[in-house]
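*Asks:* Before I ask anything, here is the structure I am working with.
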Amino acid sequence: MKKNRLTWLIVVLALVLVAAACSDDSGTTTTAGDSDTTTTAGDTPTTTTAGDAETTTTAASAEPFKIAIVAPSAQNDLAFTQSIVDAVNVIKDEMGNVEVQITDNTFIVEDAASAIRAYAVDGVDLVIAHGSQYGGSLQEIAPDFPDTAFAWGTAADTFGLSNVFAYEAASDEGGYVMGAMAAALSESNTIGIVGPVEVGDAKLYVDGFKAGAEAQNPDANVLVNYTGSFSDVALASEAAQAFAANGADVMTGTAQMVVGAVTVASDVNIIWFGTQANQTSLAPDIVVASQVYHWEVVLRDIIAKIEAGTPGGEQFKIDLANGGEVIEYNDAFALPADVKQLGEDTIAGIIDGSIKTGS
Amino acid sequence: MSDFFTTAILVATAASGVRLAVPLLFASLGETFGQRSGVLNLGVDGIMLLGAFGGYYAVLQTGSVWLGLLIGIVVGMLLGLVSALISVTLRAEQGISGIGIYLFGLGMSDLLFQKLVGTPLPITKFPKLNFPVLSDIPVIGELLFQHSVVVYLAFLAVPVSMYIINKTTFGMNIRAVGENPEAADSLGVSVNRIRYATVIIGGTLAGVAGAALAIDLGIFQQNLTNAQGFIAIALVYFGAWRPVGVMLGSLLYGFVNAIVLQLKTLAIIPPDLSDFAAMAPAIITILALVVVARRFKAPAALTKPYSRGE
């Protein structure tokens, strides 16, 4: 019997080792400064380290500016996490000598906290904690590393810490614009919005979309369904089915589980508005437009502050006015000119302050 | 509330409940086989995830939903074999080794997805069956005769499982091994062989459940199952280790979810309460479990590894 116990212990250990080898706690990440890209991925967070081959060879003496991202979902989720990864890549192209490290899939806050701390220990110049849920961890970690700059989003609070920046998106603005277009396009006057949980960025977007639709058409019947989960694709899919059963002919949704709703919309030919990233590739026939986040707008300011010696203490927001939020249209969708004009007029109205989103 | 009680909405809600029940039904029927023979496999969700990715990827590459389903079957069989090796031959603690399989499936499916696919791409879904005449009957047609083909396969698996467990020699051996492996062994029944067979059946159906989920949604994403494999294990207890009970449990879970979604859509449940409402299916299942678990007895040898003469 003892021998058996030993055998299974070995098996369990072997499995744990396999899992450990696949994953990476980022504390042990080796940074590939002069190779193109090294990726390790596993059952828990995945860590990607990418250096810049050209700059490290041409400017070998200059220390690169090191940026690390810790984010809850996959870096190519066509949603929240991808928005920050794309932005940091833009910054990297602009600045040249930038080293980027990514730990994604840290949906467990403790995993994110250990990654954030490890990056600070490693001497990263800017640690981006991309998730409202990481605030508590940052509040504990940031005071231990006064020389490291942290950025936390989406959030509006720096905890009074001098080395924490906060950033958020006025997602209600793009939501409002697309809501107005949605109401103009709807023939049944019924619009469906699927959300995860009624907080933060998702709530802002949903409220903005609803307000825009109702402003355009006071008789619009805007159905809102918070499924209660950021990750339950099946529930998002059934929420879309429920909208269809109620006669909706336009839909939108926010968070990474909406891919399930988009495929349903595509099946029954209901048009779709995307947010957080350009979702056209999911359903090229039905996506009208997407609100895309360009966090690089705030990252530029944050990095300028850091280089000027201010490692935090300020809040930033992307919106339509500063170009951090852009409505990207799907060229393959035959959007009537008057509706597109309505979208452009609404954008202009929000920027000049004549239109309020109500949020 | 009157918005909810219209024929169209009620039928749509019921159809939604049936769709939500399907992956749970496949997975919990499979787990029923294992548990009836005395093996608890907590790795169902991990097998579902790998089956889901395998099925998704096959469809993405070839466009054939049937090849996708086949890949789900093969992936499930292989992981069932691994599970059996760990819990039957190596006699591992079943409550722990299954977690290992789950974590492996969760991580590996995501790793493969990130490496081979990256950004989610939609795939062809299962075709919806269209029965002549029957599908056109109002209400009944939409409720019963307009689903995708996997829905019928799932419900067909219920009587087949019942027949195997209750009417065949193999089924009798499964039950004997699950209740009293020593006695079964003394009568010449190979406990290990039976358990291997049931755990592989369980793995196969979990793989099918995953593939059915991914291909019916037409998409894959990290952690696509969202812990449905664990719900399926709970439903085996809920269903008192009987295929019909397991089916009723899956349907209950699917219907409660569908009703909550529809009530939220119609704002009958206000957004402020939607987080609480989202818990309803889990709470109802747990309550039902408490009631059922007091009435029925689990297979006596459940979770106990068997070794001859010890």
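The values are calculated or read from the model by the stated rules, or taken from the named source; none is laboratory data. Not measured: the values here are computed from a predicted model. FYI the Cβ positions are ideal-geometry reconstructions off the backbone, even for glycines, and counts take in every protein chain you see. Accessible surface is based on the protein model in full, side chains and every heavy atom, while ligands, DNA and RNA are left aside. Shrake-Rupley method; radii C 1.70, N 1.55, O 1.52, S 1.80 Å.
*Asks:* Could you list, in sequence order, the residues of segment B:107-120 that are within 10 Å of chain A (Cβ to nearest Cβ) and open to solvent by 70 Å² or more (accessible area, probe 1.4 Å)?
*Replies:* Hit for segment B:107-120 is B:K115, nothing else.
The rows are residues; the columns are (1) more than 9 Å from chain A (Cβ to nearest Cβ); (2) within 20 Å of A:Y226 (Cα to Cα).
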position: B:T204; (1), (2): yes, no
position: B:A211; (1), (2): yes, no
position: B:L217; (1), (2): no, yes
position: B:I233; (1), (2): yes, no
position: B:F238; (1), (2): yes, no
position: B:V246; (1), (2): yes, no
position: B:T265; (1), (2): no, yes
position: B:I268; (1), (2): yes, yes
position: B:A301; (1), (2): yes, no
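*Asks:* Hey, among A:G309, A:G313, A:G323, which residue is more than 19 Å from A:W152 (Cβ to Cβ), open to solvent by less than 70 Å² (accessible area, probe 1.4 Å) and assigned by TED's automatic domain parsing to the domain that holds A:A87? Don't jump to the end; show me each part of the working.
*Replies:* Values: A:G313 fails: more than 19 Å from A:W152 (Cβ to Cβ); A:G323 fails: assigned by TED's automatic domain parsing to the domain that holds A:A87.
Just a single option satisfies the conditions, and that option is A:G309.
*Asks:* Let me ask something else. Being modelled with pLDDT of 95 or more, in a strand (DSSP E or B) and within 18 Å of A:A149 (Cα to Cα) is true for just one of A:A118, A:A68. Which residue is that? If you could, list the steps in order and put the result at the bottom.
*Replies:* On the way: A:A118 fails: in a strand (DSSP E or B).
Every option except A:A68 fails the conditions.
*Asks:* Then there is this: Kindly check whether there is at least one residue in segment B:135-145 that is of a type in the set (G, A, S) and more than 24 Å from A:V268 (Cβ to Cβ).
*Replies:* Initially, segment B:135-145 is screened for residues of a type in the set (G, A, S), giving B:135, B:141.
From what is left, the residues that are more than 24 Å from A:V268 (Cβ to Cβ) are none.
Within segment B:135-145, none of the residues are of a type in the set (G, A, S) and more than 24 Å from A:V268 (Cβ to Cβ).
*Asks:* Six or more apart or on different chains, Cβ under 8 Å: which pairs go from a residue in segment A:184-198 that's modelled with pLDDT under 95 to one that's open to solvent by 30 Å² or more (accessible area, probe 1.4 Å) and among the aromatic types (F, W, Y)? Could you list them?
*Replies:* Every condition considered, the pairs that remain are A:P196/A:F230; A:V197/A:F230.
*Asks:* Return the residues of segment A:326-341 that are of a type in the set (A, V, I, L, M, F, W, C) and either open to solvent by less than 60 Å² (accessible area, probe 1.4 Å) or within 21 Å of A:S83 (Cβ to Cβ) (or both); say none if nothing qualifies. Lay out the reasoning, then the answer.
*Replies:* Our first condition is that a residue be of a type in the set (A, V, I, L, M, F, W, C); within segment A:326-341, this holds for A:326-327, A:332-335, A:337, A:339.
Matches in segment A:326-341: A:V326, A:I327, A:F333, A:L335, A:V339.
*Asks:* A further question on this structure: If we keep just the residues of segment A:71-103 that are touching a Phe, Trp or Tyr at 6+ places or on another chain (Cβ under 7 Å) and β-branched (V, I, T), which is nearest to the other protein chains (Cβ to nearest Cβ)?
*Replies:* If we take residues in segment A:71-103 being touching a Phe, Trp or Tyr at 6+ places or on another chain (Cβ under 7 Å) and β-branched (V, I, T), then A:I84 is nearest to the other protein chains (Cβ to nearest Cβ).
*Asks:* Considering each residue of segment A:270-279, count those that are at pLDDT 95 or above and open to solvent by 20 Å² or more (accessible area, probe 1.4 Å), and give that number.
*Replies:* Summing the residues that are at pLDDT 95 or above and open to solvent by 20 Å² or more (accessible area, probe 1.4 Å) in segment A:270-279 gives 1.
*Asks:* Same structure, new question: Quick one: which of B:I233, B:I268 is closer than 25 Å to A:D207 by Cβ and in contact (Cβ under 8 Å) with a residue 60 or more places away in the chain? Spell out how you get there, then give the answer.
*Replies:* Working: B:I233 fails: closer than 25 Å to A:D207 by Cβ.
Exactly one residue qualifies, and that residue is B:I268.
*Asks:* Find the helices (runs of 4 or more DSSP H) located wholly in segment B:144-200 whose residues include 2 or more that are β-branched (V, I, T) and crowded, with 16+ Cβ neighbours inside 10 Å, and list them. Before you say what the answer is, go through the steps one by one.
*Replies:* On the way: elements: B:149-167, B:169-179, B:181-186.
Qualifying helices (runs of 4 or more DSSP H): B:149-167, B:169-179.
*Asks:* I've got another one for you. Take A:V85 and tell me if it is in contact with a Lys or Arg (Cβ under 7 Å, 6 or more places away or on another chain), open to solvent by less than 20 Å² (accessible area, probe 1.4 Å) and not aromatic (F, W, Y). So that I can check it myself, show each step before the final result.
*Replies:* On the way: in contact with a Lys or Arg (Cβ under 7 Å, 6 or more places away or on another chain): no; open to solvent by less than 20 Å² (accessible area, probe 1.4 Å): yes; not aromatic (F, W, Y): yes.
It is false that A:V85 is in contact with a Lys or Arg (Cβ under 7 Å, 6 or more places away or on another chain), open to solvent by less than 20 Å² (accessible area, probe 1.4 Å) and not aromatic (F, W, Y).
*Asks:* If you scan segment B:124-136, which residues turn out to be modelled with pLDDT under 90, assigned to a loop (DSSP other than H, G, I, E, B) and surrounded by 14 or more Cβ atoms within 10 Å (Cβ to Cβ)?
*Replies:* B:L129
*Asks:* Which residue pairs have Cβ atoms closer than 9 Å, lie 6 or more positions apart in sequence or on different chains, and pair a first residue in segment B:115-141 that is in contact (Cβ under 8 Å) with a residue 60 or more places away in the chain with a second residue that is open to solvent by 90 Å² or more (accessible area, probe 1.4 Å)?
*Replies:* B:K125/A:D267
*Asks:* Next up: Anything in segment B:1-26 that is open to solvent by less than 20 Å² (accessible area, probe 1.4 Å), more than 10 Å from chain A (Cβ to nearest Cβ) and either in contact with a Lys or Arg (Cβ under 6 Å, 6 or more places away or on another chain) or within 13 Å of A:N246 (Cα to Cα) (or both)? List them, or say none.
*Replies:* Within segment B:1-26, just B:F4 meets the criteria.
Per-residue answers, yes or no, for (1) facing chain B (nearest Cβ under 7 Å); (2) open to solvent by 20 Å² or more (accessible area, probe 1.4 Å):
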| site | (1), (2) |
| --- | --- |
| A:F209 | no, no |
| A:A213 | no, no |
| A:N217 | no, yes |
| A:A220 | no, no |
| A:L223 | yes, no |
| A:D232 | yes, yes |
| A:S237 | yes, no |
| A:A240 | no, no |
| A:F243 | yes, no |
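*Asks:* Within segment B:57-106, track down each residue that is free of Cβ contacts under 8 Å to residues at least 24 places away in the same chain and buried (at least 24 other Cβ atoms within 10 Å of the Cβ).
*Replies:* Selection gives B:A58, B:I86.
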